[in-house]
Amino acid sequence: MAAVALHTRRWGAPGAPGPLPPALLLHATGETSADWAPVAEGLATDRLVVAVDLRGHGSSPWPGSYALTALTDDVEAVAADVATNHGRPVDLVGHSLGGLVACLLASRRPELVRRLVLEDVPVPHPREPRPPARPEGDLAFDWEAVLQVRAQIDEPDPGWPQVVAGVRAPALVVWGGPSSPMPVEHVREMAETVVDGRLVRIDAGHLVHAAQPAAFTAAVRGFLSLPD
């Protein structure tokens, strides 16, 4: 399936890349690019920041098909465009679903990704399916996207460990602490399986950047500002 053109939000001066590479932000299931606003504003003081609406979310197309590989194809096109326009690879920040897409992209196209931040993202392992209930009213995302993504996470592709091991970019893995529903052993596995990973804990639950935006942004800025 062909990639779809994603809607983006941008912070910082598009004509002036700044001293640091551009950052590309990928949201979780059921969120949109607007979810990143507090973090994006904190990162955009010295770089261009681009947040996307993944397919099936917000103002991006809702094609009805939501394979993780297709979501990655879409983001790859944005990352390649931003990297080409600024003459350097991007720093990639992903939360939950966005983190899995970020892993797939970093493993597939290492030349596009300078550094990687994964917010509460475990290595996928089979788990007992628990179908979610659809919220009432109009949604800012396609409910079919939730169902399809959930199925791929409940019964993940057995090649995920190889995907994660193929991530060459230095990676910061942020765990949300004991109140996060993500198993710490699988989040730790993510940090230990990528080639160059480090794990930090911010006690905020699964929505780390929303519950603790200042702490999250500080951790991300510190990591992305480290010398290559």
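What follows draws every value from the coordinates through simple rules; no lab data is involved. Because the structure is predicted, anything quoted here is derived from the model rather than measured. As a convention, Cβ positions derive from the backbone with ideal geometry for all residues, glycine included, and neighbour counts pool all protein chains shown.
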In whole percent, the Cα-Cα distances of the range 172-228 spread across 10 Å bins from 0 upward as 25, 51, 24, 1
List the residues whose amide H sits under 5 Å from the amide H of Leu24, counting only those 5 or more places along or on another chain, with H placed 1.01 Å from N in the peptide plane. Val50, Asp91, Leu92, Val93
Given Gly58, Leu43, Val164, which one lies farthest toward the positive end of the charge dipole of the chain, if we put +1 on the Cβ of every Lys and Arg and -1 on the Cβ of every Asp and Glu? Leu43
Who wins for biggest fluctuation among Arg88, Arg127, Arg168 in a Gaussian network model of the chain, springs between alpha carbons below 10 Å? Arg127
Tell me, what HN-Hα J-couplings in whole Hz come from the Karplus equation 6.51 cos²θ - 1.76 cosθ + 1.60 at θ = phi - 60° for each residue of the range 146-157, using x for Gly and Pro? 4, 5, 5, 5, 4, 4, 6, 8, 5, 10, x, 4
What are the ³J(HN,Hα) values, in whole Hz, obtained from phi via the Karplus relation 6.51 cos²θ - 1.76 cosθ + 1.60 with θ = phi - 60°, for each residue of the range 166-179 in sequence order, with x given for Gly and Pro? x, 7, 9, 5, x, 10, 9, 9, 9, 9, x, x, x, 7
Residue by residue through the range 73-87, what is 3J(HN,Hα) from phi via Karplus (6.51 cos²θ - 1.76 cosθ + 1.60, θ = phi - 60°)? Round to whole Hz and write x for glycine and proline. 4, 4, 5, 4, 4, 5, 4, 5, 5, 5, 5, 5, 5, 10, x
Can you tell me the relative contact order of the range 119-228? Whole percent, Cα pairs under 8 Å, sequence separation 6 or more. 29 percent
Please work out which option in [x] 49; [y] 36; [z] 30 gives percent of Cα pairs over 26 Å apart calculated from these coordinates, and answer with its label. [z]
Most exposed first by the Cβ proxy, i.e. fewest other Cβ within 10 Å, how do Val146, Val194 rank? Val146, Val194
As I understand it, the dipole of the chain uses +1 on the Cβ of Lys and Arg and -1 on the Cβ of Asp and Glu, about the Cα centre. Which of Ser107, His7, Ala151 lies farthest toward its positive end? Ser107
With +1 on each Lys and Arg Cβ and -1 on each Asp and Glu Cβ, and nothing else charged, work out how big the dipole of the range 8-224 is about its Cα centre, in Debye to the nearest 20. 600 debye
Just name one of Ala211, Thr84, Phe141: the one whose Cα is farthest towards the positive end of the charge dipole of the chain (beta-carbon charges, Lys/Arg +1, Asp/Glu -1). Thr84
What is the sum of charges around Ala211, taking Lys and Arg as +1, Asp and Glu as -1, for the other residues whose C-beta is under 15 Å from the C-beta of Ala211? -4
Which distance in Å, rounded to a whole number, links the C-alpha centroids of the range 139-163 and the range 78-99? 21 Å
Net charge, Gly58 excluded, C-beta distance under 12 Å - Lys, Arg +1, Asp, Glu -1: -2
Averaging sequence separations of C-alpha pairs under 8 Å and six or more residues apart, then dividing by the length of the chain, give the relative contact order as a whole percent. 19 percent
